[in-house]
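J.: Before I ask anything, let me first share the structure, which is written out below as structure tokens.
Every number here is computed from the coordinates shown, using simple stated rules; none is lab data. Bear in mind the structure is a predicted one, so any value in this text is a computation, not a measurement. Backbone-built Cβ (ideal geometry, glycine too); neighbour counts: all protein chains shown.
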Amino acid sequence: MTHIIEVDKLKKHYPIGKGAIVKSVDDISIQIKKGETFGLVGESGSGKSTLGKTIVGLEGPTSGTIHYNGRDMTKLDKREKKRVNREIQVIFQDPHASLNPRMRVGDIIAEGIDAHRLARGKARQERVYELLEKVGLKPEHAKRYPHEFSGGQRQRIGIARALAVEPKFIVADEPISALDVSIQAQVINLLEDLKQEEELTYLFIAHDLGMVKHISDRIGVMYLGRMMELADSDELFRNPLHPYTKALLSAIPVANPTAAKREKIVIEGDPPSPVNPPSGCRFRTRCPHASEICAQQVPEWKEVEENHWTACHLY
Ligand code: SF4
Ligand code: MG
């Protein structure tokens, strides 16, 4: 399987005055395989959205590189940049805030079609109708405005807008977090169907593991700007290594009560500020296994078992 995205030693730091720096993304290296769904999980402030934004080029890296289909994203010429801007699309968390309330749904969906001159006139209209149907809406919805739709329907409109330009890679940044629980599964199913039909690759960002479990082939767990663990989805749930991942997993209610009981691990307090993160392992202030070395040395990012990576002195 070839990689569609390769992130190498990526840092995204923001100066916030008086010499203070927020290290939102701090030395992350990951690859996303063509055709997979890569789930990215972390609490708010973990840097997962910043990583997503940097990967799609909405933010420039402070250092490190991002390659898309083997091409360095910061070194694209104008024509390549335009193509990449079309092939990589984002679905945002809040479908309400991301849709212009004064535009008709048909025109919202056609924004990318117009910008990239993909179709005009009747062909454009047909394409909008086709996209509406693809996401489970109706052609007559093209004439309406965003406020006339429910949250779930608005997210479908956001998805249709992303699909309009025939993307190859989609970053979905908490696409279901703002939706009613009853609607979440429908939107996940839609995204999964579309992935097959359109041969897409996803980076699926969420704040809890339960949300990404079923849709992800692999899952990466972030904490305070760093990757803590990365493994195949099944493997991560069956055999979590990092204390932080274990704590996140223990917080998910188990649907099947006869399944092996997980010990409930409570992590105390809020994550520390990314402005002055703890020395050594960033999780050490909340980790039940922290020892002296954890304060002194940053744990190395290692492949502990085949395709199973973690950064922790216990391994
Ligand atoms: Fe806990 Fe130390 Fe592992 Fe960090 S490196 S997760 S503090 S045991
Ligand atoms: Mg976010």
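J.: Hey, got the dipole for the chain? About the Cα centre, +1 on K and R Cβ, -1 on D and E Cβ, debye to the nearest 20?
T.: Working: 45 positive and 43 negative charges, 220 e Å.
Around 1060 debye, computed over the chain.
J.: Looking at the chain, which longest stretch skips every one of the GluC sites (Glu not before Pro) that is in a DSSP loop with at most 14 other Cβ atoms within 10 Å, leaving the sites themselves out?
T.: Numbers: sites that count: Glu199, Glu263, Glu268, Glu300, Glu306.
After excluding every exposed loop site, the longest remaining stretch is 1-198.
J.: Going by amide H atoms built from the backbone, whose H comes under 5 Å of the H on Gly220, apart from near neighbours?
T.: Long-range HN contacts for Gly220: Gly39, Leu40, Val41.
J.: Of His308, Leu179, Leu236, which is farthest along the charge dipole of the chain in the positive direction, counting Lys and Arg as +1 and Asp and Glu as -1 at C-beta?
T.: Of the options given, the answer is Leu179.
J.: Cα atoms only, the chain: Rg and Dmax in Å?
T.: 20.5, 68
J.: A further question follows. Using amide H atoms built 1.01 Å from N in the peptide plane, name the residues 5+ places from Ile5, or on other chains, whose amide H lies under 5 Å from its own.
T.: Residues meeting the criterion, in which the H sits 1.01 Å from N, are Ile32, Asn69.
J.: Same structure, new question: What is the magnitude of the charge dipole of the range 9-122 about its Cα centre, with +1 placed on the Cβ of each Lys and Arg, -1 on the Cβ of each Asp and Glu, and no other charges, expressed in debye to the nearest 20?
T.: Values: 22 positive and 13 negative charges, 98 e Å.
Result for the range 9-122 is approximately 480 debye, rounded to the nearest 20.
J.: Given q = 0.17, 0.19, 0.23 Å⁻¹, what are the Debye log10 I(q)/I(0) values for the range 27-112, with equal point scatterers placed on the Cα positions and solvent ignored?
T.: After summing over all Cα pairs, the log10 values are -0.92, -1.08, -1.31.
J.: Next question, about the same structure. Return a whole-number percent for the relative contact order of the chain, with Cα pairs under 8 Å and 6 or more residues apart as the contact set.
T.: Reported as a whole number, the value is 20 percent.
J.: Please turn the phi angles of the range 220-227 into ³J(HN,Hα) values with the Karplus equation 6.51 cos²θ - 1.76 cosθ + 1.60 (θ = phi - 60°), one per residue in order, whole Hz, x for glycine and proline.
T.: Working through the residues one at a time gives x, 10, 9, 8, 6, x, 10, 7 Hz.
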